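Participant: This structure is in structure tokens; I'll ask about it shortly.
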Amino acid sequence: MKALGYTQKGAISEPSSVVEFETDQPTPGAGDLLVEVLGVSVNPVDVKVRANRRPPGDAPRILGFDAAGIVRQTGAAVKGFKPGDAVFYAGEFTRPGSNAAFQVVDERLVGRKPNSLGFAEAAALPLTSITAWEILFDCFRVAEGGGAGDAVLIIGGAGGVGSILIQLAKQLTGLTVIATASRDDTRAWVTKMGADHVIDHHKPLDAQVADLGLHPRYVASLNQTGRHFAAIVELIQPRGHISLIDDPQGIDITAIKLKALTLSWEFMFARSMFQTDDMQAQGDLLGRVSALVDEGRLVTTANRHLGPLTGDSLRAALTEQDSGAAIGKIVLDGLGNAAG
Ligand SMILES: NC(=O)c1ccc[n+]([C@@H]2O[C@H](COP(=O)([O-])OP(=O)(O)OC[C@H]3O[C@@H](n4cnc5c(N)ncnc54)[C@H](OP(=O)(O)O)[C@@H]3O)[C@@H](O)[C@H]2O)c1
């Protein structure tokens, strides 16, 4: 089958960061689905892994986490899916990814693709929806339908995670949503996603939140947490909760003591990386997201469609993702479209 991988760690501009090659089609294990990949999206993790991790062994490592496609074969123990089902998922950190014509994935991590979306538009959603859902319901522990009277500040609102977190908070909770965005385009985007208030992350966050007359109980710090941490501690309520997902340098956690804050670190690959007993929660939540899309309550966060997946289009998508200025998600048709 066709696949795209990388052979040496380094910047996206390096020739070795995206190489096209042929490899054997994978065989599903007992609990796996073999999926023909028909849509993918890119994430910051695709860039970070290429930059920092040498591929193990001699073969190129296939990356790509978000995918949508059609189940072509199921492992002997698979219960929830059958060949022909349309699915979407974010896969696992440690297995070959979706930048290939076919991929195997644990059925517990998979949801049914929304019927109302094409494959590329659906592939925008899994990784960021899992992250946003786990922040809202596992970290903050807001109850579905709860949160009225409280506010959440979402820093980095127009990024992939922010775009779906705003929607989930507005659709499934009563929280007031303050999102940050610094440009006209990103301000318009977070408003379209449903934010009640928009402030600028390049200006002091604490003063802007105070001007709104709000006192957030929750802060989802999705980007540049190190830069924003002091302001977050200043603006959040005592006994509030900060959840972060990026890799900040040198934050001082003693700063959270006086307000008795909770700090959590969401990592959406943790469940699959450690094969936790509740891995099925990710497949289940993707099923909920899919139903909410088909009910018209959530919209895809796909904002740029770069056409069929090729070495050149993947490099272009990763370069755009690496700019730090992405709005929503960058999606492509999967290599499965070119299979055979
Ligand atoms: N732990 C996990 O499970 C997990 C999961 C997903 C992502 N992540 C990580 O989370 C981070 C965000 O991911 P993403 O996919 O949402 O990123 P993204 O799509 O690349 O985010 C782009 C957005 O970042 C905003 N931004 C730029 N400078 C900022 C600043 N100083 N403060 C706040 N926002 C700023 C931009 O808004 P403006 O253009 O308006 O400035 C832009 O819309 C990445 O580091 C990613 O690796 C972690």
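The values are calculated or read from the model by the stated rules, or taken from the named source; none is laboratory data. Being a predicted model, the structure only gives us computed values, none of them experimental. Cβ: placed from backbone, ideal geometry, glycine included. Neighbour counts: every protein chain shown.
Participant: Does residue 147 satisfy the criteria of being of a type in the set (Gly, Ala, Ser), surrounded by fewer than 24 Cβ atoms within 10 Å (Cβ to Cβ) and closer than 27 Å to residue 65 by Cα? Don't jump to the end; show me each part of the working.
Facilitator: Numbers: of a type in the set (Gly, Ala, Ser): yes; surrounded by fewer than 24 Cβ atoms within 10 Å (Cβ to Cβ): yes; closer than 27 Å to residue 65 by Cα: no.
It is false that residue 147 is of a type in the set (Gly, Ala, Ser), surrounded by fewer than 24 Cβ atoms within 10 Å (Cβ to Cβ) and closer than 27 Å to residue 65 by Cα.
Yes/no matrix, rows are residues, columns are (1) over 28 Å from residue 250 (Cα atoms); (2) within 22 Å of the chain's Cα centre (by Cα):
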position	(1), (2)
166	no, yes
174	yes, no
188	yes, yes
222	no, yes
227	no, yes
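Participant: Right, next: Considering only the range 243-277, state which residues are in contact with a helix residue (DSSP H, G or I) (Cβ under 7 Å, 6 or more places away or on another chain) and near the ligand (Cβ under 10 Å from one of its atoms).
Facilitator: Within the range 243-277, 243, 244, 245, 246, 248, 266, 268 qualify.
Participant: Among the helices (runs of 4 or more DSSP H) lying completely within the range 18-134, list those that include at least 2 residues that are in contact (Cβ under 8 Å) with a residue 24 or more places away in the chain and within 16 Å of the ligand (Cβ to nearest atom). Outline the logic, then answer.
Facilitator: Details: elements: 44-52, 119-123, 126-133.
Passing ranges, in order: 44-52, 126-133.
Participant: In the list 141, 187, which residue meets the criterion of being on the phi > 0 side of the Ramachandran plot and out of contact with any Leu (no Cβ under 9 Å at 6 or more places or on another chain)? Spell out how you get there, then give the answer.
Facilitator: Numbers: 187 fails: on the phi > 0 side of the Ramachandran plot.
Only one candidate qualifies: 141.
Participant: Does residue 219 satisfy the condition of being near the ligand (Cβ under 8 Å from one of its atoms), buried (at least 19 other Cβ atoms within 10 Å of the Cβ), under 19 Å from residue 140 (Cα atoms) and outside the structural domain of residue 297 (by TED's automatic domain parsing)? Don't jump to the end; show me each part of the working.
Facilitator: Working: near the ligand (Cβ under 8 Å from one of its atoms): no; buried (at least 19 other Cβ atoms within 10 Å of the Cβ): yes; under 19 Å from residue 140 (Cα atoms): yes; outside the structural domain of residue 297 (by TED's automatic domain parsing): yes.
Considered against the rule, which asks whether it is near the ligand (Cβ under 8 Å from one of its atoms), buried (at least 19 other Cβ atoms within 10 Å of the Cβ), under 19 Å from residue 140 (Cα atoms) and outside the structural domain of residue 297 (by TED's automatic domain parsing), residue 219 comes out as no.
Participant: Still on this structure: Return the residues of the range 1-17 that are farther than 12 Å from residue 314 by Cα and assigned to a loop (DSSP other than H, G, I, E, B); say none if nothing qualifies. Even if it seems obvious, please write down each step before you answer.
Facilitator: Initial filter on the range 1-17 (farther than 12 Å from residue 314 by Cα): 1-2, 7-11, 14-16.
The answer is 1, 7, 8, 9, 10, 11, 14.
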